[in-house]
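Novice: Pasting in a structure now, in structure tokens, and then I'll have a few things to ask.
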Amino acid sequence: MALTATVYNLETELADIDRGVYETFAVRMARQPSETADYMLTRYLAYCLEYVEGIELTEGVAAGGDEPAVVVRDLTGRLTAWIEVGMPGADRVHRGSKKADRVAVYTHRDIGQVLAQLGGQGIHRAADIPVYEFGAGFVAEVAATIDRRARVSVSVIERQLYLEIDGHTFDTAISEHRFD
């Protein structure tokens, strides 16, 4: 018998002071059996930190090689942002950079390994692609506490991320890196 995805319902209040984005929305996302809690949470955080009109979560690891973790489309359906999560292959980042105006990577993995894997790979517009890292242990700590149904408050002030999940608070710096 095949395992099925676990659905998470996250009632979200977003206050991204850095970008002037203040929204309340519900996120319903499926965590695939092959997807770690850390990856799923990083996908959710990338969605929140990139939140704009037209943003969508894809099927995550179930999407295969055709889509990133998060996409943004304009009103005509044109792909405007390609957001990868974890430790994406250079070919995926290259493909995204050719298809979308903007590409970004959010990682819960070792930043040195991620940058080494992507560096020197001939990725289109590599110098323009930010790789965002959360503080050591942050994603694992939060992922261990999140329930399938949760109320989440996400605040960003001067690249410092503050989360409140059902009364538990967490914070970390968001570091930006580049590769060539």
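Bear in mind that the values in this text are calculations on the coordinates, not laboratory data. Note that the coordinates shown come from a computational prediction; the quantities given were computed from them, not determined experimentally. Every residue, glycine among them, receives a Cβ derived from its backbone with ideal geometry; neighbour counts consider all protein chains shown.
Novice: Among rounded, prolate and oblate, which fits the stretch 77-164 when a ≥ b ≥ c are the square roots of the eigenvalues of its C-alpha gyration tensor, a/c under 1.5 means rounded, and a/b larger than b/c means prolate?
Specialist: prolate
Novice: Continuing with this model, one more query. Among DSSP bridges having both ends in the chain, what percentage is antiparallel? Round to the nearest 5.
Specialist: In the chain, approximately 70 percent of DSSP beta bridges are antiparallel ones.
Novice: Please give the charge dipole size of the stretch 1-93, origin at the Cα centre, charges +1 on K and R Cβ atoms and -1 on D and E Cβ atoms. Round to the nearest 20 debye.
Specialist: I would put it at about 180 debye.
Novice: Evaluated at 37 °C with a viscosity of 0.692 mPa s, what Stokes-Einstein diffusion coefficient in µm²/s does the chain have when Rh comes from the Kirkwood expression over alpha-carbon pairs?
Specialist: 198 µm²/s
Novice: Sorted by average packing, counted as other Cβ atoms within 10 angstrom per residue and highest first, what order do 51-58, 107-114 take?
Specialist: Top to bottom by mean Cβ count within 10 Å: 107-114, 51-58.
Novice: Also, I was wondering about something else. Please find the FRET efficiency linking Thr24 to Lys98, where r is the Cβ-Cβ separation and R0 is fixed at 25 Å, and quote it to the nearest 0.05.
Specialist: On the way: r = 35 Å, r/R0 = 1.39.
Efficiency for this residue pair is about 0.10.
Novice: If each residue of separation counts as 0.36 nm, what is the full-extension length gain between Ser153 and Ile111 once their alpha-carbon separation is subtracted?
Specialist: Between Ser153 and Ile111, full extension yields 12.5 nm more.
Novice: Could you order peptides 21-27, 133-139, 82-88, 146-152 by the average number of other Cβ atoms within 10 Å of their residues, highest first?
Specialist: 82-88, 133-139, 146-152, 21-27
Novice: Quick check on the chain: helices-only [θ] at 222 nm, where DSSP H runs of length 4 and up contribute -39,500 (n - 2.57) each and the sum goes over total residues. Nearest 500, please.
Specialist: After summing the helix terms and dividing by the residues of the chain, the value is -6000 deg cm²/dmol.
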